[in-house]
1. Name the long-range amide H neighbours of C:HIS96: under 5 Å, sequence gap of 5 or more, or other chain; modelled H, no Pro or chain starts.
2. What residue of chain A sits with its beta carbon nearest the rotation axis taking A to C, and at what distance in whole Å?
3. Be a star and scan the range B:32-62 for residues whose amide nitrogen sits under 15 Å from the point 7 Å along the Cα-to-Cβ vector of B:ASP120.
4. Counting alpha carbon pairs within less than 8 Å and at least 6 residues apart, what relative contact order, in whole percent, applies to chain B?
5. Pulled fully out, how much extra length does the chain show between C:ARG73 and C:LYS2, if you take 0.36 nm times their separation in residues and subtract their Cα-Cα distance?
6. Filter the GluC sites (Glu not before Pro) in the range B:41-132 to those in DSSP coil with at most 16 other Cβ atoms within 10 Å of their Cβ, and list the result.
7. Have a look at chain C and give its Rg and Dmax from the Cα atoms, expressed in angstrom.
8. Averaged across the residues of C:25-33, what count of C-beta atoms belonging to other chains lies within 10 Å of each residue's C-beta?
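Quick note: the coordinates plus some simple rules give every number you see, no bench work behind them. Not measured: the values here are computed from a predicted model. Note that each Cβ is placed from the backbone with ideal geometry, even for glycine, and that neighbours are counted across all protein chains shown.
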Amino acid sequence: MKDKLNVIVMSGTVDKLLAMSTIVSGAVAMGKEVNLFVTFWGLMAFKKGAWMDPSQQKLPAEYQEFGPMMQERMQAMGIQPWMVTLKTAKEIGDIHVYSCGMTQDMFGLKLDDLEDIVDDEKGVAGFIAMCEDAEVLVF
Amino acid sequence: MKDKLNVIVMSGTVDKLLAMSTIVSGAVAMGKEVNLFVTFWGLMAFKKGAWMDPSQQKLPAEYQEFGPMMQERMQAMGIQPWMVTLKTAKEIGDIHVYSCGMTQDMFGLKLDDLEDIVDDEKGVAGFIAMCEDAEVLVF
Amino acid sequence: MKDKLNVIVMSGTVDKLLAMSTIVSGAVAMGKEVNLFVTFWGLMAFKKGAWMDPSQQKLPAEYQEFGPMMQERMQAMGIQPWMVTLKTAKEIGDIHVYSCGMTQDMFGLKLDDLEDIVDDEKGVAGFIAMCEDAEVLVF
């Protein structure tokens, strides 16, 4: 992993978002620059308040039955919701969050409809240009 | 991201294929060499004509309900089908597409059953050997 | 790909595990060091005996119908179960397998509940620190 970690956040299921935010949080703690490109179902999970609204939270279809158990255990263990982890990491570290312009258009979403953590919208070409010296992960 | 982008295309759902082809297209526009290794459900999506046949197109189980809306919006926005984007990128740039030999055998597919964009079949070891100086993404 | 390949194994479906173990096996054959960080549904697939127990094996929801055909073809082709491929690779090469401590707690699993191939448990921060000079893939 280089000094820069760029993550394409495509998935909107809570497991992927939780893993992504935990890894981002760890990378920031190590002093890395992090850039997120939020697209497709990922973007839907970044809609204002979606992370707090059970009706907008999804688990993979294969593992639906684990939902209640996971929620209960996470609460008992004091694991924060993924968006809180991400926001805390952004307060401390060098994180930039870009929404995919094409996805916004497809889903009829404005920047204002998304969580404040999103800095700006960007095209795919613009994001790829930012990947020059980065380790790139897809979630 | 280095001068070479190698992508393992495992997924067969349209969202992943669309994101993959858009990123490949952007990488090619920046002058990068791109190598695709198409395997598992990805290979099924590369069967001749599959990308044009609604009965062979899949969305993730968690997001099935967005299918009609996405199709309508993509048409309205003039977004091309992923295979068209990939073929256009290959006409312009340095893209090589390899099908996974093991998956072909598993699904009883010959090279002739796949879209012309596939250059040749390859084993996993052969593809990994090509990753030496590449950024590697999994879709 | 660098001399070190670090893989985040999040998925628990057989297709992803099979692809992961095949790639790891190829990487090891090329003399690379491999580190696995097994988390979420991946960890459930590493429970003792889970890889041999049909009731604990999953395919992606979109492709359930291919299960019987795949199993039959894999047997006919002599493709080994993914865990056997991974264990064989570990006997030959430099592979370290770490389970995610947080996931173990969430699912109430001890190191003893997991396959012997798991060397130790680790936190996310610890794994990220190991990624410094590695190519990182997410499965």
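1. Answer set, sorted by chain and number: C:VAL34, C:ASN35, C:LEU36.
2. A:ALA61, 2
3. Those under the cut-off are B:35-38.
4. 39
5. 22.2 nm
6. When the GluC sites (Glu not before Pro) of the range B:41-132 are filtered for loop state and at most 16 Cβ neighbours within 10 Å, B:GLU132 remain.
7. For chain C, the Cα-based Rg and Dmax read 14.7, 43 Å.
8. Per-residue shielding by partner chains comes out at 3.
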